[in-house]
Amino acid sequence: MSTVDPEDLLPLSEPVYHILMALSDRPRHGYAILQEVEERTGGVVRLRTGTLYTAVKRLLERGLIEETAEAPPHIERDDERRRYYLLTRLGRAVLAGEARRLELMVRLARAKRVLVGRS
Amino acid sequence: MSGDPEKLPASVRLLRRLYAAGLLAIPGPARRQLAASMLETFEAICLRAHRRGGALPSVWRGLQEVLDVLVAGVRQRLGADPLGPGRRPLRERIRPLADLGTDLRSALRALTRRPAFATVAVLTLASGIAAGTAVFSVVDSVVLRPLPYAQPATLVRLMRVVESGGFVSSWRSEQLEPWLDAGVFSAVSAYRLENRTLIGGPEPERIQVGLVMPNTLDFLGVRPAAGRGFVPEDGEEGAVPVALLESGLARRRFGTPDAAIGRFLEVLGARYRIIGVMPGGFHYPYQATRAWVPRSLATLGKTGTVNVHARRPSAIAEPVLQERGDALAAADANDDLVAWKLWPAGHVDTRLRRWVLVLFGAAGILVLIACANAANLILAQAAQREREVSVRAALGAARLRLVRQSLLESLLLAAAAGGVGSLLAGVLLPWLLRLAPRGITSLTANAVDLDARALGFAISLALATAVLFGLVPALRGTCLGAARALGGSRGAATAASGGRLRGGIIAGEVALTLVLLLGAGLLLGSFARLLAVDLGLELERVVAADLAVPEELYPDLESQLQLTERIVERLRAMDGVAAAAYGLGIPPGFGYLEFGLQLETEAGAVAGIDAELILPWSHVSPEYFDALGIPVLEGRGLEAGEPDDSVVLGSTMAEALWPNGPAAGRRFRLRPDAPWLTVVGVVGDVRSEGPVEPFGSMEMYRPFSGDRPTFLLTLVVRAEGDPAALLPAVRDLVRAAAPDVPIERIATGGQLLADNLREQRFQLALVGVLALLAALLAAFGMFGVISYVVSRRTGELGVRMAVGASPRSVAALVIGSGLRLAAAGVVLGLGLAWMLRRFMRTILFEIEPGNPLVLTAVIAAAFAITLAACLLPALRAARLDPARTLRLE
């Protein structure tokens, strides 16, 4: 695989951003990603399976995430057939890059008084 | 959360099935990879929702998931990238254009790597384009395009209706005067056509001259190409005689239009200074009009009647117009203006129109076949191309790029075909026109040239074909996925469906070809019957010469006849001449056409005469019947010194007037107010208008009489031997005897007959050529498809041969598949022909569309062509080495 500059992949689409975010702290399987995103955004962002898995496929192709069949040690009671996805170094770099980009945008909005106060 | 289906509630089970179906939206490879995970997740979601709130929320949730999977799948297929647009550096944005250059080059290379395919595809499409364009140009000129004058829709001819109900185009100028300023027309222009004998060249020539009102050019909205038009003063009496020339005449006599300006047009009795030359293609009011001379309406009226063209004013409502015109007609005290009528200025013979549409249909069929063949060719390459495209997709080429490359190849093909096709069309068109009957070029006021719209249409069609079928492999290749295409098996499923499509196309081609072949065969039969018709006279040995004896030199009939007699005497003395006579024309197409008849014998009105009857009759000299081989059945022919009221009738007319008993010696008249005519003899019927008799079979002959000079005298010579050999001698004799008399036309009887049948000959030639071309294309297409099928089935055939099938049976198998296609096509074609039968009847002569001989011949031809096309592939199949083919599998 040729070296990819993370910058080249920005900006990320919204679903992808949230998927990567969900995988940033630990590997998860598909259903768990959906749950995490729904909980973390308070129900504002709702991913569906179609969107999720087509994005997952693309992320796998691009090397931003990896598949692993082993269940990580701290997960119990889950079906061993489940596929788990984890973030690669590239994926982490891309995610960080996107977050930085978004932060820049927010700072600009604050400077221009479009966004007032701190959240 | 186990995946055990039995433990799921019914609603979730149902949803799961729905979801599984929705998964099909996702492209194959992705689906296979993800389906299991997706189904599991889906189950989990639905179960959870079910547990939380019951069936309804879970169904709702489930449906949302199904919708989402459908949308995601479609978006994948359309090539959307879930990752997002990503940032594109400048060089990436520029690259597509540079890519275009490389893509174009590689498209070109791809085509040159397959020169046979490319050449054949281009030629096939080009032939379709050429045929379609050429024919459409003719059709458009004749049928569709309006006259080349300003606002042609407002141009009308003013006709007057006479007491008997007939329409007459001629007006006396004083009759016309009240109409000029009555607010009925926005403009009026009148003219009269006269013949003049043109001198000052190597031979005298008769030309048609239009005596037109000076406003005519403005009226029509045209300008001269050189020099100036007329001004009102030019038309006054005593003005300097001036003339405008037709472009062709100017070029013939003076070289270029500009050279003609200031020179003189010399005719017998007058000399006109040429002040202008009209543009090429301007022929008003007829194709034959060669010059225009200005005359005021008053001057025109002093010496004869005029024909009237006018412009209908758009600002005035129809009823108002009608009222004003009716008032004018009523105010006219004469009974030769009972009513009035406006005819549109352009008028196309319906018969001509109909068969021009035949032409159009035939060419259309050819275009379809050509495109179908091209499609087949492209599809034939499809399997190969699919593989190629899949490999490149696997290596990382963007799908859009691959599709674009395919598109570029198709565009290149279409562009080449367009170029070649236009050239071919340019060659085809003059050839078409040369064969065309006079009707085509004389009824149009335009020259017929290649129509840009026709070319554009044909090219678009070719383009559509190339693109449509060229995209198929590209689209299929990028969907298939590298793994499968590289997997070695030849993609049996796609081959099968591709093969069926191609087979279907071929069957269609065979059907269309059959229709064309049938048409050609029927026209051939029709033509043969036409040639076989007994015309009632012997044209095989005749030489006929039309003399345009000028009134200026021979001002009365007597001097004309004296001249003619002198010539005829000398002809009789010439070697090789069996008989000589003269008359007003000879069949086919002679003399006058009389209508509005109310035949009466001494016993009263003749019953059973059609009121619409048109009677051809002519003036003839005493030896006329002898020279033409028309048998005298009763009484005698005409003699020298015959009284003016003598008449010789054709036998049908004699029969109609006196059904029981002889006609000789009896009297009749054409109308109650016409003079009595005495029958001196009855001759055999002739087909006066040629084999196709439009007017029924009555005709009559009268001697030349009166003082008024005649406009035409036809010399008739019967040769002892070959008339063609005699013709030059006849022409030389006439020229020597009367050097100042133009010979308008001299031809053998055979040539005259051929000319009479020119229209039918043209139809036959055209449809025949188109049918042959179509057959060629269809044969080629069949060859291509059968070869393809053989190459696909080499494995199977190899197995057959390995287990003992003989080469002959394998070959028979191949031929059998071809014959099956042909059979389907023949059935389809016969169905098409059956639907067209009523239309076919209108263009055929004494032959039924279902003529068994022609049908059998055409069906046999279709199968013969199929056999020929399948021969080579069958031989190739028979020569297969089973060992080799099995190893390759």
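Please treat every number below as a calculation from the coordinates, not as lab data. These numbers come from a predicted model, not from an experiment. All Cβ positions, even for glycine, are placed from backbone atoms using ideal geometry, and neighbour counts span all protein chains on display.
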Cα atoms only: what Rg and Dmax, in Å, come out for region B:163-232?
16.4, 50
Can you tell me the dipole magnitude for the protein assembly as shown around its Cα centre, using point charges on the Cβ only (Lys, Arg +1; Asp, Glu -1), in Debye to the nearest 20?
8620
What's the FRET efficiency of B:ARG113 with B:GLU796 using the Cβ-Cβ distance as r and R₀ = 22 Å, to the nearest 0.05?
0.15
Angle between chain B longest axis and helix B:28-53 axis [Cα atoms, degrees, rounded to 10]
70
Which GluC sites (Glu not before Pro) in region B:584-657 sit in a loop by DSSP (not H, G, I, E or B) and have at most 16 other Cβ atoms within 10 Å of their own Cβ?
B:GLU602, B:GLU612, B:GLU639
Calculate the dipole size of chain B relative to its Cα centre from +1 charges on Lys and Arg beta carbons and -1 charges on Asp and Glu beta carbons; express the result in debye to the nearest 20.
8380
For the protein assembly as shown, what is Rg from Cα atoms divided by 2.2 N^0.38 Å, rounded to two decimals?
1.40
Let me make sure I get this right: for chain B, a, b and c are the square roots of the gyration tensor eigenvalues over alpha carbons, sorted descending. Under 1.5 in a/c it's rounded, otherwise prolate if a/b > b/c, else oblate. Which is it?
prolate
Among B:LEU468, B:TRP676, B:VAL826, whose Cα projects farthest towards the positive end of the dipole of chain B, with charges put on the beta-carbon of Lys, Arg (+1) and Asp, Glu (-1)?
B:LEU468
For region B:267-310 and region B:54-84, what is the separation of their Cα centres, given in Å?
81
Using a cut-off of under 16 Å, list every residue of region B:50-81 whose amide N is near the label point 7 Å from the Cα of B:LEU24 along the Cα-to-beta-carbon line.
B:66-67, B:69-71, B:73-74
What is the helix-to-structure angle for B:318-331, meaning the angle in degrees between its Cα long axis and the longest Cα principal axis of chain B, kept from 0 to 90 and rounded to the nearest 10?
10
Can you give me the Kirkwood hydrodynamic radius for region B:179-281, using every pair of distinct Cα atoms, in Å to one decimal?
14.6
Helix B:10-22: inclination vs chain B longest Cα principal axis, degrees, rounded to 10, gives 50
DSSP beta bridges in the protein assembly as shown: the antiparallel percent, rounded to 5, is 80
Specify the inter-centroid distance of region B:498-543 and region B:766-819, based on alpha-carbon positions, in whole Å.
27
